[in-house]
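Q: Take a look at the following structure, please.
The values are calculated or read from the model by the stated rules, or taken from the named source; none is laboratory data. Please read these numbers as outputs of a predicted model, since none were measured by experiment. Neighbour counts run over all protein chains shown; Cβ positions are idealised from the backbone, glycine included. Ligands, DNA and RNA are excluded from the accessible area calculation, which covers all protein heavy atoms including side chains. Shrake-Rupley method; radii C 1.70, N 1.55, O 1.52, S 1.80 Å.
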Amino acid sequence: MPENSVNNFAGIEVALSAMHGALISENGEVLSRRESLYEPENLIGAIVELTKSLREAGEIKSVGLAIPGLVNRETDRVLISTGLPFTAQEHIHSELMQATGLRFELENDANSAAYGEYKAGAGRDARDIFYIGIGDSIGGALILDGKLWTGASGCAGEVGHITIDTEGSECVCGNTGCLETTASGPNIVRRARERLNRDSTSSLSSLAMQENFTATDLALAATNGDDFSIMMLERTGRSIGIAVASIINLLSIEKIIVGGPIMEAGELILKPIIEEAGKRSFQQCFEATRIVAAELGVDGVAIGAALLAKDAGK
Ligand SMILES: [Zn+2]
């Protein structure tokens with residue numbers, strides 16, 4: 001390996017059944033990317049394989065591993081992870097280091113995405129940001145003066161579990177009417193399906209023809225001018241805007257960055273978020289906050305995890 005290539009870092013995002021890896025230069029430029037599926041019982045083996053495959057594209061200094069769960073960065077332990085086999089993997093960190101000979105940094109996925117946007121994406125010109133990630137669940141993270149603010153318990157920034165509808169559906173967290181029960185990917189699909197079933201005019205929507213569609217398909221249909229999908233995104237945006245208004249009033253933060261696959265629909269989702277936040281927040285706070293879409297796209301979490309690994313090694 002040429003010596004100058006050892007300033008590369010890897011980031012791996014572990015999702016429910018798939019993982020996404022990126023090899024980045026020290027400036028955050030993506031040099032190579034890999035994806036793979038995994039079986040829960042072979043989680044560690046799959047991470048090791050993906051790392052090996054990224055290593056073939058260039059030598060790696062250290063690896064950031066982003067997971068959908070709560071991580072203690074001091075002890076490198078996974079504290080809580082719903083739907084993943086991580087809680088059974090008490091020694092995931094030491095096993096990965098042993099199997100690869102590389103240093104691993106564990107972090108929550110929303111925190112990783114926020115860090116990536118802060119360093120190399122939509123937040124690079126800001127001092128303080130709040131990040132909202134809309135995916136299978138809704139995560140959030142707060143960065144103040146360059147540092148992740150994780151709070152007394154480590155779970156600060158859980159914007160997906162802000163109540164937006166006291167009469168709303170039950171949430172996985174035990175509360176009812178959380179933002180996540182309306183605006184996460186699976187819940188956008190659920191709401192769209194319910195409406196397609198009860199409203200005959202919506203059968204004109206291209207989604208009515210698709211047996212299994214995702215929130216990403218809905219965003220794409222909206223971008224292609226599908227009225228039903230545009231309406232669903234607008235309603236989703238308004239729900240997110242209610243939570244954004246609370247963040248603005250609480251923090252009066254410089255920049256709020258919204259990421260995740262549905263943000264591919266651009267203004268169709270961003271505009272209702274901004275309008276609703278404007279209606280519901282204190283005007284001076286609202287005017288001092290910029291609400292923008294994330295810039296790093298599908299690589300965002302992996303890039304952020306790699307940059308966290310890089311900065312942890314300083
Ligand atoms: Zn909740």
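Q: Leaving out ligands, DNA and RNA but keeping every protein chain, what accessible area does LYS310 have, in Å² rounded to the nearest 10, with a 1.4 Å probe?
A: Only protein atoms counted, so the area is about 50 Å².
Q: So, one more: If I histogram all Cα-Cα distances within segment 26-67 using bins 10 Å wide from 0, what percent of pairs lands in each bin?
A: Over segment 26-67, the share of Cα pairs per 10 Å bin runs 23, 58, 18, 1 percent.
Q: Can you find, among PRO272, ILE248, ALA122, the residue farthest towards the positive end of the dipole of the chain? Put +1 on the C-beta of Lys and Arg, -1 on that of Asp and Glu.
A: Farthest along the dipole direction, towards plus: ILE248.
Q: Roughly how many Å² of TYR38 are accessible to a 1.4 Å probe, to the nearest 10?
A: About 20 Å², rounded to the nearest 10.
Q: Could you give me the percent of Cα pairs per 10 Å distance bin for the chain, shortest bin first, beginning at zero and ending with the bin that holds the maximum distance?
A: So the P(r) values, bin by bin, are 6, 27, 33, 23, 9, 1, 0.
Q: Now, a different point. Out of the total accessible area of the chain (probe 1.4 Å, heavy atoms of protein only), what percent is carbon and sulfur? Spell out each step's value before the answer.
A: Working: 7180 of 14730 Å².
In the chain, the share of accessible area belonging to carbon and sulfur is 49 percent.
Q: Given +1 on the Cβ of Lys and Arg, -1 on the Cβ of Asp and Glu, and no further charges, what dipole in debye does the chain carry about its Cα centre, rounded to the nearest 20? Each step should come with its number before you reach the end.
A: Details: 26 positive and 43 negative charges, 84 e Å.
Dipole about the Cα centre, nearest 20: 400 debye.
Q: While we're here: How long are the semi-axes of the equivalent ellipsoid of segment 41-192, taking √(5λ) for every eigenvalue λ of the Cα gyration tensor, in whole Å from largest down? Please list the in-between numbers first.
A: Working: eigenvalues 166, 77, 44 Å².
For segment 41-192, the semi-axes come out at 29, 20, 15 Å.
Q: Does segment 121-168 come out rounded, prolate or oblate, given a ≥ b ≥ c as the square roots of the eigenvalues of its C-alpha gyration tensor, rounded meaning a/c under 1.5 and, failing that, prolate meaning a/b above b/c?
A: Values: a/c = 2.50, a/b = 1.65, b/c = 1.51.
Here segment 121-168 falls in the prolate category.
Q: In square angstrom, rounded to the nearest 10, how much accessible surface does PHE282 have for a 1.4 Å probe?
A: 130
Q: Going out from 0 in 5 Å bins, what whole percent of all Cα-Cα distances in segment 125-295 drops into each bin?
A: Distribution as computed: 2, 9, 18, 21, 19, 15, 9, 4, 2, 1, 0 percent.
Q: Of ASP76, ASP125, which has the most accessible area and how do the rest follow, probe 1.4 Å? Display every interim value, and only then the final one.
A: Values: ASP76 30, ASP125 95 Å².
Output order, biggest surface exposure first: ASP125, ASP76.
Q: If you roll a 1.4 Å probe over the heavy atoms of the protein chains, what accessible area per residue do you get for the chain, in Å²?
A: On the way: 14730 Å² over 314 residues.
With all protein chains present, the chain gives 47 Å² per residue.
Q: For VAL258, VAL48, write out the residues from largest to smallest accessible area, computed with a 1.4 angstrom probe and no ligands counted. Don't jump to the answer; show the numbers that get you there.
A: Details: VAL258 0, VAL48 30 Å².
The ordering from most to least exposed comes out as VAL48, VAL258.
Q: Could I ask something else about it? Go ahead and estimate [θ] at 222 nm for the chain from helices alone: -39,500 (n - 2.57) per DSSP H run with n ≥ 4, summed, over the residue count, rounded to 500.
A: Values: 10 runs with 118 residues, N = 314.
Helices in the chain give a 222 nm mean residue ellipticity of -11500 deg cm²/dmol.
Q: Can you list which of the DSSP-assigned H helices in the chain have a Cα extent of 15 Å or more along the long axis and an average Kyte-Doolittle score of at least -1.0?
A: Span-like helices, by this rule, are 43-55, 109-120, 227-251, 267-280, 300-312.
Q: Another question about this same structure. Non-local amide H neighbours of GLY259 (under 5 Å, H modeled in plane, Pro and chain starts lacking H): which ones?
A: ILE132, GLY133, ILE134, ALA294
Q: Decide, for segment 242-314, between rounded, prolate and oblate: order the square roots of the alpha carbon gyration tensor eigenvalues as a ≥ b ≥ c, take rounded if a/c falls under 1.5, and otherwise choose prolate if a/b is larger than b/c, else oblate.
A: Values: a/c = 3.47, a/b = 1.58, b/c = 2.20.
It comes out oblate by the Cα gyration axes.
Q: Could you sort 147-159, 53-65 so that the peptide with the highest average Cβ count within 10 Å comes first and the rest follow in order?
A: Listed from highest to lowest mean packing, they are 53-65, 147-159.
Q: Could you pull out every residue, at least 5 positions away or on a different chain, whose amide H is within less than 5 Å of the one on LEU31? Hs are placed 1.01 Å off N in the peptide plane, and Pro or chain starts have none.
A: Amide H neighbours of LEU31: LEU23, ILE24, SER25.
Q: Using a 7 Å offset from Cα along Cα-Cβ at GLU49, what residues in segment 97-114 end up with backbone N under 17 Å from the label point?
A: 99-100
Q: Using heavy-atom solvent-accessible surface (probe 1.4 Å) with all chains present, what is the largest-first order of ARG195, ARG73, ARG280? Walk me through the numbers on the way to the answer.
A: On the way: ARG195 50, ARG73 75, ARG280 130 Å².
Largest to smallest exposure gives the sequence ARG280, ARG73, ARG195.
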